[in-house]
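Participant: Structure in structure tokens, see below.
The values are calculated or read from the model by the stated rules, or taken from the named source; none is laboratory data. Because the structure is predicted, anything quoted here is derived from the model rather than measured. Note: ideal-geometry Cβ built from the backbone for every residue, glycine included; neighbour counts use all protein chains shown. Each accessible area value is taken on the protein alone, full model and side chains, heavy atoms only, with ligands, DNA and RNA left out. Shrake-Rupley method; radii C 1.70, N 1.55, O 1.52, S 1.80 Å.
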Amino acid sequence: MAKQNSDSRRAFLRNSLGALAAFTIVPRHVLGRGFLAPSDQLTKAVIGTGGMGRGHFGYAGTRVVAICDVDRNHLKLAMDQLGDKGVKTFSDYREVITLPEVDIVHVATPPHWHGIIAADAARAGKDIWCEKPMTATIGEGKRLVEAVQQHGRIFRLNTWFRFEDRFYGMGTTVKPIKKLVDSGLLGWPLKVTVSKHTGFDWKFYWVGKTNLEAMPVPKELDYDMWLGPAPYRPYNAHRVHQTFRGYWDYDGGGLGDMGQHYLDPIQYFLGKDDTSPVSVEIDAPQQHPDAVGTWRRITYTYADGCQIILDGEGKDEKAAYIEGPKGKLYPGFRSDIPELEKKLAAFPDPAPQQTDFADAVKNRKKFALNEENGHRSCTLVNIGKIALRLNRNLKFDPVKQEFIDDAGANSLIYQPMRGSWTI
């Protein structure tokens, strides 16, 4: 069935892309009033209508015209929420991405599907709003970047802390943190510690179970399609829906769930959007090959000496969030630098960012958190996952985006996909 899925996927795209060309050369809004959505709204399809997907129906400037899920119960809950608005329902994303009336595809599936669906949507001429983590592997991220750029699409990764909203325990948005780092008042290089004491919960309740028994597949769920590119394993309710994060096949526990939320802003304020660490060191128990476990410490080091430390145990209750040779920054934007805010006022604000996704789509402007910098912050998550799974420290080449002298680690960059699924 997997091969049939992959073959029909290619057929869908091959037969439909020609018909879509008129819609994808330029945004629909510039083609004339006949092509405008009501109230100048962009139309979107949401793929994956579990809790996350249903929570994103109502973003300003967009209107849902199609939904897709492999679980009929999820589709029913979604339709009950949307009401009778002429929304089309599907169980196969390949049908959704070829709909000419869809401007944006919102990917809200488990992460093992993110890369394939988003890349196929780009090839079908759709702009993309994707949940975090951007992709389940480094290789999928590289392929997705290529697909988005080759087809001229606008891509948004849905973690917003680099540009708005209070950044967890820091008690502020990221903007003043970026301003502080850019000012040089803390010195260089910097060490950033991400732990419960600096305001960040690693959610270690997202762990898998190692003694799962096979269960009958619920009649409402297409389990083969839910698995998609992931290896076949007998169905158990703990593997899917709310608890899927506890299994390496689909995500990476608390690191997979929260890592990009926590780490993407760090890449931004350290100025690392176009690079990656040169090493990752781990302190963790041996991981189960299927079920994600916990870890004590993950340390990323960049070529210039900057470090990001993920503290799973939270042993250092007095750790600063950012520490440099000239000063420290603590949660609540507290610092050991006297009169910090007064000194900081003399420095320029960070450059403005494109944070309105609807405007980015309509005017073909690159979004603030896009396929390129999103891939780099997701790579932080994915190299951490690989180090944990192998239970060893790794050296990484940020230009080639591969591990140095480690065939085992490199084999996890492009993980095999089941059947003929491919990105």
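Participant: What lysines sit close enough to LYS366 to cross-link, taking a C-alpha to C-alpha distance under 16 Å and skipping anything fewer than 8 places away on the same chain?
Facilitator: The qualifying lysines are LYS126.
Participant: While we're on this one: Using packing as a proxy for protection, rank 406-412, 382-388 so that the peptide with the highest average count of other Cβ atoms within 10 Å comes first.
Facilitator: Most protected by this proxy first, the peptides run 382-388, 406-412.
Participant: In addition: Would you please name the trypsin sites (Lys or Arg not before Pro) within the stretch 92-172 that are DSSP coil residues with at most 14 other C-beta atoms within 10 Å of their C-beta?
Facilitator: On the way: sites: ARG94, ARG123, LYS126, LYS142, ARG143, ARG153, ARG156, ARG162, ARG166; in loops: LYS126, ARG153, ARG162, ARG166.
Hits after loop and neighbour filter: ARG166.
Participant: Using Cα positions and a limit of under 15 Å, work out the aspartates and glutamates in reach of LYS209, with same-chain residues fewer than 8 apart set aside.
Facilitator: List returned: ASP249, ASP251, ASP290.
Participant: Let me ask something additional. In what order, largest first, do TRP160, TRP129 sit by accessible area if the probe radius is 1.4 Å?
Facilitator: Most to least solvent-accessible, the answer reads TRP160, TRP129.
Participant: In the stretch 292-334, which trypsin sites (Lys or Arg not before Pro) are in a loop and have at most 16 other Cβ atoms within 10 Å, using DSSP for the loop call?
Facilitator: ARG296, LYS315, LYS318, LYS326
Participant: Still on this structure, I have one more. Of THR89, THR379, THR109, THR210, which has the most accessible area with a 1.4 Å probe, and how do the rest follow in descending order?
Facilitator: Of THR89, THR379, THR109, THR210, the descending order of accessible area is THR210, THR89, THR109, THR379.
Participant: OK, next. Over the Cα atoms of the stretch 43-157, compute the convex hull volume and normalise it per residue, giving Å³. Could you put the intermediate results ahead of the total?
Facilitator: Working: hull volume 10.0 nm³, N = 115.
Convex hull of Cα atoms, per residue: 87 Å³.
Participant: Which trypsin sites (Lys or Arg not before Pro) in the stretch 180-282 sit in a loop by DSSP (not H, G, I, E or B) and have at most 15 other Cβ atoms within 10 Å of their own Cβ?
Facilitator: Working: sites: LYS191, LYS196, LYS203, LYS209, LYS219, ARG239, ARG245, LYS272; in loops: LYS203, LYS209, LYS219, LYS272.
Those satisfying the criteria are LYS203, LYS209, LYS219.
Participant: Please give the calculated 222 nm ellipticity per residue for the chain, where each DSSP H segment of at least 4 residues contributes -39500 (n - 2.57) and the sum is spread over every residue; nearest 500 deg cm²/dmol?
Facilitator: On the way: 13 runs with 133 residues, N = 423.
That calculation yields -9500 deg cm²/dmol at 222 nm.
Participant: Restricting the calculation to Cα positions, tell me the Rg (one decimal) and the Dmax (whole number) of the chain in Å.
Facilitator: Expressed in Å, the Cα Rg and Dmax of the chain come to 21.8, 66.
Participant: Now a separate question. Considering only protein heavy atoms and a probe of 1.4 Å, how much of the accessible area of the stretch 43-157 is carbon and sulfur, as a whole percent?
Facilitator: 50
Participant: With the chain treated as a Gaussian network of Cα nodes joined by springs under 10 Å, which of MET225, MET258, MET215 yields the largest mean-square fluctuation?
Facilitator: Largest GNM mean-square fluctuation: MET215.
Participant: Follow-up question, since we're still on this one. For the charge dipole of the chain, defined by +1 on Lys and Arg C-beta atoms and -1 on Asp and Glu C-beta atoms about the Cα centroid, which residue among PRO189, VAL105, GLY55 has the Cα displaced farthest towards the positive pole?
Facilitator: The listed residue farthest towards the positive side: VAL105.
Participant: Hey, what did the stretch 253-302 get for relative contact order, percent, Cα under 8 Å, at least 6 apart? Intermediate results must be reported in sequence, preceding the final value.
Facilitator: Values: 37 pairs, mean separation 17.8, N = 50.
Computed over the stretch 253-302, the figure is 36 percent.
Participant: On to the next question. Can you give me the accessible area per residue for the chain, using a 1.4 Å probe, in Å²?
Facilitator: I get 41 Å² per residue for this part.
Participant: At a Cα cut-off below 12 Å, give the aspartates and glutamates reachable from LYS44, other chains included and same-chain residues fewer than 8 away excluded.
Facilitator: GLU101, ASP103, ASP127
Participant: With the cut-off at 29 Å, tell me which of the pairs LYS76/LYS132; LYS196/LYS362; LYS203/LYS318 have Cα atoms farther apart than that. Intermediate results must be reported in sequence, preceding the final value.
Facilitator: Details: LYS76/LYS132 24 Å; LYS196/LYS362 40 Å; LYS203/LYS318 21 Å.
As for pairs spanning more than 29 Å Cα to Cα, those are LYS196/LYS362.
Participant: Oh, and also: State which stretch of the chain is the longest one without any exposed GluC sites (Glu not before Pro), exposure meaning a DSSP loop state and at most 11 other Cβ atoms within 10 Å.
Facilitator: 1-212
Participant: Quick one: in the stretch 98-256, what % of C-alpha pairs are over 20 Å apart?
Facilitator: Of all Cα-Cα pairs in the stretch 98-256, 63 percent lie more than 20 Å apart.
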